[in-house]
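> Please read through the structure below; I'll follow up with questions.
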Amino acid sequence: MSSVQVGVVMGSSSDWDTMQHAVSILQEFGIAHEAKVVSAHRMPDDMFAYAEAAQARGLAAIIAGAGGAAHLPGMLAAKTVVPVLGVPVASRHLQGVDSLHSIVQMPKGVPVATFAIGAAGAANAALFAVAMLANQDAALRAQLQAFRARQTEAARAMTLPPAA
């Protein structure tokens, strides 16, 4: 396996239900990745070490999923220049709107690309990472174009039920 290109991190193992969708996309495209729990609140030293080492390790992007206060994506972005792609994880009480607001409201100068709440956001964050990598990789770009063409054909093949 080649060196890791994308890190997929989450604040808790309970976030895996959402973040597995990012990993599935990376696997589909053959992108070398890692997935791990790096909690902003319960293991801040580990989180800072992860962010600080990301560039030297060759990471092209970090996909960070978090729920509730959702500080993980922003704190990672504060400690690295590697692009951070934030995925709001649905929370029990506020259905992820709290997470979305926390991730998207970064101060000027510390950007986090923020995606939709939940599984769609995780998948799209991974597809965004693939698109970033595809800028420098013609074979990956062709693979991404084929993926998009399959989506188009699937949409064209959709039928609606007859009107009642």
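The values are calculated or read from the model by the stated rules, or taken from the named source; none is laboratory data. Note that the coordinates shown come from a computational prediction; the quantities given were computed from them, not determined experimentally. Counting neighbours? That spans all protein chains shown, and the Cβs are built from the backbone with ideal geometry, glycine included. Ligands, DNA and RNA are stripped out before the accessible areas are found, and what is left, the full protein with its side chains, is counted by its heavy atoms. Shrake-Rupley method; radii C 1.70, N 1.55, O 1.52, S 1.80 Å.
> Being surrounded by 24 or more Cβ atoms within 10 Å (Cβ to Cβ), of a type outside the set (A, V, I, L, M, F, W, C) and within 13 Å of residue 126 (Cβ to Cβ) narrows it down to one of 30, 65, 11, so name that one.
On the way: 30 fails: surrounded by 24 or more Cβ atoms within 10 Å (Cβ to Cβ); 11 fails: within 13 Å of residue 126 (Cβ to Cβ).
Result: 65 is the single residue among 30, 65, 11 that is surrounded by 24 or more Cβ atoms within 10 Å (Cβ to Cβ), of a type outside the set (A, V, I, L, M, F, W, C) and within 13 Å of residue 126 (Cβ to Cβ).
> Quick one: in the stretch 13-56, of everything that is within 15 Å of the chain's Cα centre (by Cα) and part of a loop (DSSP other than H, G, I, E, B), which residue is nearest to residue 90 (Cα to Cα)?
Among those residues, the one meeting the criterion is 38.
> Go through the stretch 40-62 and report how many residues are buried (at least 18 other Cβ atoms within 10 Å of the Cβ) and touching a Ser or Thr at 6+ places or on another chain (Cβ under 9 Å).
Residues flagged as buried (at least 18 other Cβ atoms within 10 Å of the Cβ) and touching a Ser or Thr at 6+ places or on another chain (Cβ under 9 Å) within the stretch 40-62 amount to 6.
> Take the stretch 109-158 and flag every residue that is under 19 Å from residue 17 (Cβ atoms), part of a helix (DSSP H, G or I) and open to solvent by 50 Å² or more (accessible area, probe 1.4 Å).
Passing the criteria: 120, 124.
> Let me ask something additional. Would you check which residues across the stretch 74-108 are open to solvent by less than 50 Å² (accessible area, probe 1.4 Å) and either in a helix (DSSP H, G or I) or among the small types (Gly, Ala, Ser) (or both) and list them? Explain how you work it out, then say what you get.
First, the residues of the stretch 74-108 that are open to solvent by less than 50 Å² (accessible area, probe 1.4 Å): 74, 76-77, 80, 82, 84-89, 91, 96, 98-99, 102-103.
Those that are open to solvent by less than 50 Å² (accessible area, probe 1.4 Å) and either in a helix (DSSP H, G or I) or among the small types (Gly, Ala, Ser) (or both): 74, 76, 77, 86, 91, 96, 98, 99, 102, 103.
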